[in-house]
Every structure is written in C-alpha cells, then in structure tokens.
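What follows is one structure encoded as structure tokens, with my remarks underneath.
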Amino acid sequence: MERNHKEDQTNEIEALDSIYCGELEVLETDPHKFRLPIATTEYDPEVETEGLSCKLLFTYTEKYPDTAPLVEIEEPTNFQENFEEELLEHIHKTIEENIGIEMIFSLVSSAQEWLNVKYDELKHAAENAKEEEKKKREEEEMKKFEGTRVTVETFMAWKTKFELDMGITERKEKIAAECRKLTGRELFLNDNTLNESDLKFLMDAGEPIENVRIDESLFQNIDDLDLDSDTDDEDYVPE
C-alpha cells in the first residue's frame, strides 16, 4: 500500500502543536512550512544578554518523511561565528538517522540539546578566561614585591650597611666596651670614687690634701694581684 505523505505530515503538525503548546507557528500549509523556537534555560527574551536562542524553520518536502525536510535557522541570538553552520550540520546528522519516520520532534530535541551543550562550553570557557585573568593580575601584583633574590652574602652585606646607617654598629661597640671586664689598674684609674675615698681618709687623718700625690707606678702590676685570695680574710689560718 502506497504511503499517504500528506496525511502523515498533517498528523505530525497536529501533534507538534499539542506538544509545544502554541509555540508552533505555521506559515504555509501546502507544503507545510512552520517554525519552532529553541533556547537555553538562561535565555531571557527581555534582556537577551545571556543564553542562546534561535528559531528552526522547517519545510516538508513532497515525500517527507521518506525524504529529508528542509531546515533553516532564523533569528540566532548570542551565536558565535560558525554556530549556525555547526547546528545545521548536527541537525542533518539527526535527519539521516531518522529517515522514514516523522522526525521533527527528534530534530528539535536534538537541536535543543546541542544548544545547551554549546552554551555550557561557552560558560566554562568564560569562567576559565576570568580565572586566568585573575591569576594574571595576582601575578602582576606579586611582581611588585619581588626584588633581588636573597643569598647569605647579599643579606650580610645589607645587614652590615643597615647597621652602620642606623648607628647600630656604633652602639654595639659602645656596649661591648662598657661590658668588657676592666683590669685592676683600669678599674682604679677609671673609678674616681676610689681616689675620693682615699683623699677623704687622709683628710680625716689631718693630712693636707695638697701634699697628697698618687704614684700610678705603684699600680703597674696590680693586674697580677689575686684580689679574691683567701689570705685577705682576717680569720684566715694557714694549714
């Protein structure tokens, strides 16, 4: 029995109108020419800044579905270069897989899936580009804080110069000099209180101060004295 292509086409149009709830727009009826919109979830027709969308224009051939329908893409939104060509190629592959059966629903579903996958790829690429840009900015910021690599030699040279410039070296030398243990002679000559105590003793004894003269030669060998010897103790008893 010969197939009634026009009847098959009419029945498919009625089914499509029921499935897409008024989105089907029939332009001609002999042959049937109609369009259906597809769009990603993120697409907002009021804004049209995110997501992808387009309309698929179908035209039945005389012996459809035993022959392929004609397919065109209209009103593409946010499509990048070659997107239309790639989508049409994808649809034609689906047509080849469905020759002999009513296929418009399968073609629309396949095109919708392609649109979603493509937009996910775009979002992923945009996120990667944003991350790369952020990383690039962070690297540029870090370069501002980079200087000459520090080695032991460069650090010690910097430390020496820094301490000289800040007067730290001079203070260290002064502190070291003050903390160095004085010899007995240095202690006597540097500590004026020792002289003053002897002079006071002489004054108390009635000796005129002008007659007192300190002979420093007496202390030439004071360093050799054992000032901590036990023999200085009044109670010391030799064994």
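Residue pairs whose Cβ atoms lie under 7 Å apart, sitting 6 or more positions apart in sequence or on different chains, and linking a residue in the stretch 21-33 that is closer than 12 Å to Phe58 by Cα and assigned by the TED database to the domain that holds Leu57 to a partner that is of a type in the set (Asp, Glu) and open to solvent by less than 100 Å² (accessible area, probe 1.4 Å), are Leu24/Asp17.
Restricting the first member to the stretch 109-129 and to residues that are on the phi < 0 side of the Ramachandran plot and of a type in the set (Ser, Thr, Tyr), and the second to residues that are at pLDDT 95 or above and open to solvent by 50 Å² or more (accessible area, probe 1.4 Å), the beta-carbon pairs closer than 7 Å and six or more apart or on different chains are Ser110/His90. Evaluating Glu12 against the criteria (1) surrounded by 13 or more Cβ atoms within 10 Å (Cβ to Cβ); (2) more than 46 Å from the chain's Cα centre (by Cα); (3) free of Cβ contacts under 8 Å to residues at least 24 places away in the same chain leaves one unmet condition, (3).
For Glu81, the criteria (1) out of contact with any strand residue (DSSP E or B) (no Cβ under 9 Å at 6 or more places or on another chain); (2) assigned to a helix (DSSP H, G or I); (3) more than 19 Å from His32 (Cα to Cα); (4) not small (Gly, Ala, Ser) hold in every case but one, which is (2).
Scanning the stretch 98-117 for residues that are exposed (fewer than 15 other Cβ atoms within 10 Å of the Cβ) and charged (D, E, K, R) returns a single hit, Glu113.
The values are calculated or read from the model by the stated rules, or taken from the named source; none is laboratory data. Small disclaimer: the values here were computed from a predicted structure and weren't measured. Neighbour counts run over all protein chains shown; Cβ positions are idealised from the backbone, glycine included. When the accessible area is computed, the model is the full protein with side chains, heavy atoms only, and any ligands, DNA or RNA have been set aside. Shrake-Rupley method; radii C 1.70, N 1.55, O 1.52, S 1.80 Å.
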